[in-house]
Amino acid sequence: MEAKNLEKLENEMYVCIRCAYCFEECPVIRERGWDTDGARGKVMLSYGLMTGDLEATQEVADRLFQCTTCGDCMERCPSNVTVVDIIAAARADLVKAGFSSETHERVIQNVKDTGNIYGDTEGGIEGKEGDTPLFVGCQYQSRPNKTKKFIKILEKLGIDATISDEVCCGFPMEILGFVDDFDEHKERFKAAFPHGEAITMCPTCTVFLREGHDIEARHLLQAILEVLPQGDLGMKVTYHDPCDFSRGLKIIDEPREIIKRLGCELIEMESNKDGSACCGGGGGILMSDQELSDDISLYRIRQAVATGAEVLVTTCSTCETVLKKAAKTVAELGEDTITVRNIEDLIWKALK
Amino acid sequence: MDVDIERLRSIVGDENVSDRAFDLYVYSSDASVHQAKPDVVVRPGTTEEVQDIVRYANEKKIPIVPRGAGSGMSGHTVPIDGGIVLDMKRMDRIMDIKPEDVLVRVEAGVVNDDLNKALKPFGVFFPPTPSSGNICTIGGMIGTNASGNRAVKYGATRDSIMGMKVVMANGEALDLGSNTIVESAGYQLHRLIVGSEGTLGIVTEATLRLAPLPKFRMIGVVNFDRLEDAGNAISAIAASGVKPSMLELMDHVAIKAVNTALDMGLPDVEAIVMFECNGMAKDEVDRDMERVQEIFKEHNGSGIEVSDDPKEMARIYAGRKKLFPSLSRYKEGLVSTSLADDMAVPISQIAATIQKIHEIAENNGIIMSAYGHAGSGLIHTKILIDPSQQSQWDASAKAVDEVYKFIREVGGTTSGEHGIALSKAPAWKEEKADQLETMRAIKKALDPNNILNPHKLQDAPDDWVTATDLRYKVRG
Ligand SMILES: Cc1cc2nc3c(=O)[nH]c(=O)nc-3n(C[C@H](O)[C@H](O)[C@H](O)COP(=O)(O)OP(=O)(O)OC[C@H]3O[C@@H](n4cnc5c(N)ncnc54)[C@H](O)[C@@H]3O)c2cc1C
């Protein structure tokens with residue numbers, strides 16, 4: 001197998017001293033248990049693919065795609081190894097060698113055909129002129145009711161958004177290994193969203209607008225926090241940090257301040273902030289390994305239930321979807337459960 | 001090697017056996033420079049399963065290597081002769097917490113920090129505090145007699161082991177030690193297992209001695225323009241009767257690494273020492289801290305800062321904490337290798353040893369930093385090399401040789417906490433030359449077919465560089 005992407009990270013793979021600190025909270029090794037499942041194992045698989053000591057097979061590819069890219073390993077790594085970059089590079093080389101999953105291919109084809117990951121040709125959010133460019137992103141484009149609510153919240157708070165006829169930020173291409181497609185997509189993105197700065201709705205898009213497109217992106221909760229009045233919801237809530245928020249953007253305090261500003265009592269889960277446990281929805285596993293995703297999300301929802309809070313609040317629509325499903329599953333298993341809400345629902349309720 | 005995979009599956013279940021190429025590749029290495037593939041990886045869940053696996057391996061003379069997190073730095077779990085790697089992490093039950101008997105009974109795959117989390121509500125803890133405590137297992141700690149930055153006060157794993165269940169090479173499970181704080185005569189077989197690196201038996205359960213969680217602690221930092229003064233101060237503290245719970249030293253290469261990589265602005269001095277005192281009463285901790293500071297001042301220590309505020313304590317300790325990533329990023333193209341990674345010397349020899357390490361590094365054209373748990377005479381080094389260059393390995397091999405020769409000359413020992421396995425074995429065999437035959441006789445008596453982690457310690461190859469493949473591709 002040609003390993004052009006991995007070769008660029010050879011030194012990074014040497015920097016990994018294979019200490020296993022990444023085992024500590026890795027959701028995949030926790031659920032599956034083999035050393036191969038943890039970040040150290042995946043960095044080793046990547047190294048083996050690069051040197052040719054390990055033959056590229058579908059099973060090896062499956063292991064490298066069994067990662068939510070939640071980045072917890074990078075928080076714990078004593079050598080600050082950029083594990084997710086290595087895994088993304090390995091995926092890129094594997095995809096080039098013909099080891100991609102059909103579901104991932106379909107998503108990428110959707111982006112190419114329609115500009116969004118779901119292949120939606122209808123609906124979406126209508127464009128409008130305003131003061132501040134808003135990047136909606138695929139997740140929120142496909143949830144128009146939710147998104148309209150968010151836009152209304154912005155209006156209520158005096159933020160007038162410009163909405164473009166945007167296309168996907170391209171992050172799925174980057175993380176699922178379709179890097180050549182991303183090179184082409186980048187131009188299309190730029191034409192559709194020609195702004196140098198933006199407020200954003202999805203944590204992942206926020207990171208990728210910054211890293212992949214050099215756009216000064218700011219998540220809209222940061223903008224909302226500046227103008228949000230005191231509320232009195234009086235609810236007991238716990239908060240799930242989406243990985244791209246707490247670990248990617250280092251946005252840890254703002255959502256908590258919003259929750260408190262809304263008049264809610266915040267109870268932290270056992271793992272939280274930049275050490276937050278993964279929801280199980282990232283890195284493509286939701287499409288390629290539903291069972292693993294479910295197992296990871298059950299662990300997280302049980303942490304939320306253990307707080308005794310009434311509501312689990314999060315700020316990412318993927319986390320919300322996955323955790324809602326987990327909340328339903330634990331209820332079906334006869335365990336205590338919890339209501340899951342995205343933060344805009346609470347803000348909306350408070351502002352009403 | 002002919003291993004009956006079906007037989008192993010019938011013992012532990014299909015899902016706990018793997019001979020898939022990618023699993024064997026991953027289980028071929030640990031945190032060392034070594035690499036060698038097993039034939040199969042097995043994940044037992046009970047002592048009985050371990051017994052059945054060992055009986056089979058013994059009958060067929062198949063090597064068997066117990067493995068916890070695989071965080072050993074000298075090739076401990078690298079299966080040099082292939083065979084079975086026994087991943088013990090499924091055996092992770094904390095069975096019996098008994099503060100009234102100051103003990104806890106656990107399975108061998110329990111992770112150190114998980115245990116301490118479970119013990120916290122009882123106001124007790126398991127005192128060996130390896131930095132790798134977040135992932136290392138009790139079995140691995142017993143295997144290497146692990147300790148950490150608080151060994152200066154609490155000792156090593158061996159000091160907190162009361163007993164254990166061990167599966168011997170013939171498959172028999174023995175209950176060694178006792179549940180009591182004192183136990184008189186007779187061979188202390190549980191102590192023999194501590195530090196045996198998986199070569200004498202497979203620990204499946206352990207009874208551990210607990211200590212009360214200290215209620216108060218305080219951290220401080222002090223700078224020394226001369227390394228020798230730092231060494232003398234640490235010796236004076238050791239002799240003073242005060243028992244700090246931590247005494248960590250960083251040399252000037254380590255300081256430079258942190259400053260270069262992270263711009264932390266640590267002072268440009270020959271040594272920085274971080275210290276901690278803890279205890280059950282505040283006045284006791286205050287008194288110890290004062291005495292320690294007096295001694296530092298008497299030995300020309302300057303810029304002393306102390307605090308019991310959690311945020312300030314974290315800031316003071318940040319330099320030491322950031323040392324590891326900094327060494328990995330010291331210079332583009334150089335990587336930090338686990339070579340001559342740990343040693344211990346009589347405390348009075350710390351300064352001379354660090355000075356010698358720098359001299360050896362310079363003479364061999366490599367970079368070595370020295371730091372460590374100075375209060376227990378323990379020194380860690382990291383060798384920074386371009387691992388793709390054969391010449392760098394030759395230079396490292398020579399430096400390792402010279403360092404350990406010096407260690408022996410000053411009455412030190414080859415490993416203070418990380419263990420021996422493969423890469424430290426040549427030096428260790430020189431150090432223990434008079435005991436090797438006795439050790440081999442013990443090994444032969446307990447493991448006549450040489451199945452348990454063979455060719456480690458006294459039986460390891462004489463040249464660590466060629467003992468196995470290296471985990472790095474060496475090109476020129
Ligand atoms: C970054 C880093 C920091 C470290 N810091 C410290 C430190 O501060 N102090 C310290 O002492 N060490 C330290 N170590 C070394 C290492 O983490 C310790 O030796 C640790 O105790 C090993 O535990 P493990 O579970 O990883 O064991 P492994 O590496 O898997 O095994 C270690 C040895 O024990 C044997 N073994 C494992 N399980 C069993 C069992 N059930 N029965 C019999 N034998 C068994 C193995 O065969 C092997 O020989 C560090 C390592 C790294 C990489």
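Being within 18 Å of the chain's Cα centre (by Cα), of a type in the set (Lys, Arg), farther than 24 Å from B:MET246 by Cα and modelled with pLDDT of 95 or more narrows it down to one residue among B:LYS444, B:LYS424; which is it?
Testing whether each residue is within 18 Å of the chain's Cα centre (by Cα), of a type in the set (Lys, Arg), farther than 24 Å from B:MET246 by Cα and modelled with pLDDT of 95 or more leaves just B:LYS424.
Filter region B:142-164 down to the residues that are near the ligand (Cβ under 10 Å from one of its atoms) and closer than 22 Å to B:GLU49 by Cα and list them by number.
B:ILE142, B:GLY143, B:MET164
Sort out which residues of region A:39-56 are under 25 Å from the mean Cα position of the chain (by Cα) and either touching a residue at least 60 places away in the same chain (Cβ under 8 Å) or within 7 Å of chain B (Cβ to nearest Cβ) (or both), and write them in order of number. Before you say what the answer is, go through the steps one by one.
Residues of region A:39-56 that are under 25 Å from the mean Cα position of the chain (by Cα), as a first pass: A:39-46.
Answer for region A:39-56, where residues must be under 25 Å from the mean Cα position of the chain (by Cα) and either touching a residue at least 60 places away in the same chain (Cβ under 8 Å) or within 7 Å of chain B (Cβ to nearest Cβ) (or both): A:GLY41, A:MET44, A:LEU45.
With respect to B:VAL222, determine if the residue is at pLDDT 95 or above and not assigned by TED's automatic domain parsing to the domain that holds B:GLY375. Quick ask: steps written out before the conclusion?
Working: at pLDDT 95 or above: yes; not assigned by TED's automatic domain parsing to the domain that holds B:GLY375: yes.
Yes: the conditions hold for B:VAL222.
Here is a list: B:ASP30, B:ASP101, B:ASP87, B:ASP23. Which entry is surrounded by fewer than 20 Cβ atoms within 10 Å (Cβ to Cβ) and either within 12 Å of another protein chain (Cβ to nearest Cβ) or not aliphatic (A, V, I, L, M) (or both)?
Numbers: B:ASP30 fails: surrounded by fewer than 20 Cβ atoms within 10 Å (Cβ to Cβ); B:ASP87 fails: surrounded by fewer than 20 Cβ atoms within 10 Å (Cβ to Cβ); B:ASP23 fails: surrounded by fewer than 20 Cβ atoms within 10 Å (Cβ to Cβ).
Answer to the check: B:ASP101.
For residues that are over 30 Å from B:HIS299 (Cα atoms) and outside any loop (DSSP other than H, G, I, E, B), tally how many sit in region B:187-217.
Adding up the residues that qualify gives 15.
Name every residue in region B:289-306 that is surrounded by fewer than 16 Cβ atoms within 10 Å (Cβ to Cβ) and small (Gly, Ala, Ser), in order of residue number.
B:SER302, B:GLY303 - these are the residues of region B:289-306 that are surrounded by fewer than 16 Cβ atoms within 10 Å (Cβ to Cβ) and small (Gly, Ala, Ser).
I'd like the full set of residues that are within 14 Å of chain A (Cβ to nearest Cβ), buried (at least 19 other Cβ atoms within 10 Å of the Cβ) and touching a strand residue (DSSP E or B) at 6+ places or on another chain (Cβ under 6 Å), limited to region B:116-134.
Listed by number, the list is empty, since nothing qualifies.
Among the residues of region B:46-77, what is the count of those that are within 14 Å of B:GLU107 (Cα to Cα) and open to solvent by 20 Å² or more (accessible area, probe 1.4 Å)?
Looking only at that region, the number is 4.
Select from region B:319-340 the residues that are open to solvent by 10 Å² or more (accessible area, probe 1.4 Å), within 13 Å of the ligand (Cβ to nearest atom) and either within 8 Å of chain A (Cβ to nearest Cβ) or in contact (Cβ under 8 Å) with a residue 12 or more places away in the chain (or both) and list them in ascending order.
B:ARG320, B:PHE324, B:PRO325
Would a scan of region A:86-101 turn up a residue that is more than 24 Å from A:CYS168 (Cα to Cα) and within 13 Å of chain B (Cβ to nearest Cβ)?
Scanning region A:86-101, I find no residue that is more than 24 Å from A:CYS168 (Cα to Cα) and within 13 Å of chain B (Cβ to nearest Cβ), so the answer is no.
Any chance you could count how many residues in region A:57-72 are free of Cβ contacts under 8 Å to residues at least 60 places away in the same chain and open to solvent by less than 20 Å² (accessible area, probe 1.4 Å)?
Of the residues in region A:57-72, 3 are free of Cβ contacts under 8 Å to residues at least 60 places away in the same chain and open to solvent by less than 20 Å² (accessible area, probe 1.4 Å).
Out of (1) open to solvent by 10 Å² or more (accessible area, probe 1.4 Å); (2) within 16 Å of the ligand (Cβ to nearest atom); (3) within 14 Å of chain A (Cβ to nearest Cβ), the odd one out for B:ALA344 is which?
(3)
Condition (residue is open to solvent by less than 10 Å² (accessible area, probe 1.4 Å) and within 16 Å of the ligand (Cβ to nearest atom)) applied to region B:356-370: is it met by at least one residue?
The answer is yes, given that some residue of region B:356-370 is open to solvent by less than 10 Å² (accessible area, probe 1.4 Å) and within 16 Å of the ligand (Cβ to nearest atom).
Of everything in region A:43-91, what is in contact with a helix residue (DSSP H, G or I) (Cβ under 7 Å, 6 or more places away or on another chain) and of a type in the set (Val, Ile, Thr)? Give them in sequence order.
Passing the criteria: A:VAL43, A:VAL60, A:THR68, A:THR69, A:VAL81, A:THR82, A:VAL83, A:VAL84, A:ILE86, A:ILE87.
Every residue in region A:57-75 that is in contact with a Leu (Cβ under 7 Å, 6 or more places away or on another chain) and at the interface with chain B (Cβ under 8 Å from one of its Cβ atoms), please.
A:VAL60, A:ARG63, listed by residue number.
Looking at (1) at pLDDT below 95; (2) crowded, with 24+ Cβ neighbours inside 10 Å; (3) not charged (D, E, K, R), can you tell me which one B:LEU457 breaks?
The number of the failed condition is (1).
Please verify whether B:GLU197 is on the phi > 0 side of the Ramachandran plot, within 16 Å of the ligand (Cβ to nearest atom) and open to solvent by 10 Å² or more (accessible area, probe 1.4 Å), treating the condition exactly as stated.
Yes: the conditions hold for B:GLU197.
Limited to region A:5-38, what total is found for residues that are assigned to a helix (DSSP H, G or I), free of Cβ contacts under 8 Å to residues at least 60 places away in the same chain, more than 17 Å from A:CYS67 (Cα to Cα) and at the interface with chain B (Cβ under 7 Å from one of its Cβ atoms)?
The total comes to 2.
Has region B:371-385 got any residue that is under 26 Å from B:THR466 (Cβ atoms) and in contact (Cβ under 8 Å) with a residue 60 or more places away in the chain?
no
Looking only at helices (runs of 4 or more DSSP H) that lie completely in region A:144-245, which have at least 1 residues being free of Cβ contacts under 8 Å to residues at least 60 places away in the same chain, under 17 Å from the mean Cα position of the chain (by Cα) and closer than 21 Å to A:ILE117 by Cβ?
Because the criterion is at least 1 residues that are free of Cβ contacts under 8 Å to residues at least 60 places away in the same chain, under 17 Å from the mean Cα position of the chain (by Cα) and closer than 21 Å to A:ILE117 by Cβ, the helices (runs of 4 or more DSSP H) in region A:144-245 that meet it are A:171-175, A:203-213.
Does region B:2-9 include one or more residues that are within 12 Å of chain A (Cβ to nearest Cβ) and outside any helix (DSSP H, G or I)? Walk me through how you get there before you give the answer.
First, the residues of region B:2-9 that are within 12 Å of chain A (Cβ to nearest Cβ): none.
No: region B:2-9 contains no residue that is within 12 Å of chain A (Cβ to nearest Cβ) and outside any helix (DSSP H, G or I).
Check region B:171-179 and report whether any residue there is polar (S, T, N, Q), over 26 Å from B:ASN453 (Cβ atoms), surrounded by fewer than 23 Cβ atoms within 10 Å (Cβ to Cβ) and not assigned by TED's automatic domain parsing to the domain that holds B:MET274.
Within region B:171-179, one or more residues are polar (S, T, N, Q), over 26 Å from B:ASN453 (Cβ atoms), surrounded by fewer than 23 Cβ atoms within 10 Å (Cβ to Cβ) and not assigned by TED's automatic domain parsing to the domain that holds B:MET274.
The values are calculated or read from the model by the stated rules, or taken from the named source; none is laboratory data. Keep in mind the model is a prediction, meaning the values are calculated, not measured. Neighbour counts are summed over all protein chains in view; Cβ atoms, including those assigned to glycine, are modelled from backbone coordinates with ideal geometry. Heavy atoms of the whole protein, side chains included, go into the accessibility calculation; ligands, DNA and RNA do not. Shrake-Rupley method; radii C 1.70, N 1.55, O 1.52, S 1.80 Å.
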